[in-house]
Amino acid sequence: MLNFLSPGNLFVFFNKINKLITKILLPLAIVSLVFSLFLSPPDYIQGDSVRIMYVHVPSSWIALACFSLIGFLTIFNFLFKFKNSILIYKSLAPIGMSFCLISIVTGAIWGQPTWGTFWAWDARLTSMLILLVFYILFIFSYKFIQNQNLSSKICATLAALGIVNIFIVKYSVDFWSTLHQTSSVKILGDTSIDKSMLVPLTLMLLVFLVYCALIFLMKYRAEIIRMKKKGLKRL
Amino acid sequence: MNLSIFTMGGYGLYVWSAFAFTFLVCFFLFLKSRKSLKKLESDFKDEVKKLSAEQVDTLKKGKISKEILTSQSKAK
């Protein structure tokens, strides 16, 4: 299993699926946009502003999922020195940061017509902002700290603290009284969102995931080439 | 022309700006990732050109290097 996860094998495998991803991304994006902007019904209270949900919610999920994965990989690398995990988390962090930014900005845009304000210092919004700060610090710590050992220690510390923040983000709407609503889509429970809205939401999530895969493949390839370039000097 | 597609019941500005922002961030990340990848690939190619034939043969024995060099020659 770990042999399959070696940089060489992953590099070859990722190159093979790259073309497939590029082919399906655009048609899938067009279908999802048609569903989310035109075919899905307006909400009976929020009206058409509910359509912002189709970019806001999947972005938030991806931002949280990326950091959870980064946290796991960083700690895994710190404990077992699994070198490939460094390449993977370095490729994931910019993607997660971008989606965290999208989540915050689209949330603020949605907040204005719904709550009457772009921003409020409530638990969910603030913890998402803290997540963005964690992403920035994480990226800075592996980009600008030259000492690999120190960088990996700082990354592991940030990842561990960031994981705590992930739990705060997730349960903030349950623990505190917030402007932000509680979850409508639950993996282990009843989903309170209608199918007519769940379909475009799922499609948009799929588009974002395919896009993430495309960017991840490019970033991973870049990290591998960077590593190989350093190795050329030793030939 | 049906303007309700654009106005969205008065929420058009919010909805379109949210989608536009998402698209811009995604497009920027795509361009930036592609640019840095292309630069690294061309730098790698330049470095390989400086190597001797023997060193290039050794390099091509590796799965990754072989894949990078093959995909570059395909891209030409």
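At a glance:
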item: Any chance A:I109 is modelled with pLDDT of 85 or more, open to solvent by less than 10 Å² (accessible area, probe 1.4 Å) and at the interface with chain B (Cβ under 10 Å from one of its Cβ atoms); result: no
item: Which numbered condition A:D122 fails, given (1) touching a residue at least 12 places away in the same chain (Cβ under 8 Å); (2) closer than 26 Å to B:C26 by Cβ; (3) in contact with a Leu (Cβ under 8 Å, 6 or more places away or on another chain); (4) not hydrophobic (A, V, I, L, M, F, W, C); result: (2)
item: Selection count, segment B:1-41, where residues are at pLDDT below 95, β-branched (V, I, T) and under 20 Å from the mean Cα position of the chain (by Cα); result: 0
item: Residue that is touching a Pro at 6+ places or on another chain (Cβ under 7 Å) and of a type in the set (S, T, N, Q), where the choices are A:S196, A:S172; result: A:S196
item: Condition met for A:L92 (modelled with pLDDT of 90 or more and more than 14 Å from chain B (Cβ to nearest Cβ)); result: no
item: Per-region count, segment A:35-56, residues closer than 13 Å to A:D194 by Cα, in contact with a Pro (Cβ under 7 Å, 6 or more places away or on another chain) and open to solvent by 20 Å² or more (accessible area, probe 1.4 Å); result: 0
item: Output for segment A:141-195, where each listed residue is farther than 20 Å from A:P94 by Cβ, modelled with pLDDT under 90 and among the small types (G, A, S); result: A:S172, A:S177, A:S183, A:S184, A:G189, A:S192
item: Test: residue in segment A:68-79 that is modelled with pLDDT under 90, open to solvent by less than 60 Å² (accessible area, probe 1.4 Å), hydrophobic (A, V, I, L, M, F, W, C) and out of contact with any Ser or Thr (no Cβ under 6 Å at 6 or more places or on another chain); result: no
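The values are calculated or read from the model by the stated rules, or taken from the named source; none is laboratory data. None of these values were measured; they are calculated from a predicted model. Every residue, glycine among them, receives a Cβ derived from its backbone with ideal geometry; neighbour counts consider all protein chains shown. With ligands, DNA and RNA removed, areas are computed over all heavy atoms of the protein, side chains included. Shrake-Rupley method; radii C 1.70, N 1.55, O 1.52, S 1.80 Å.
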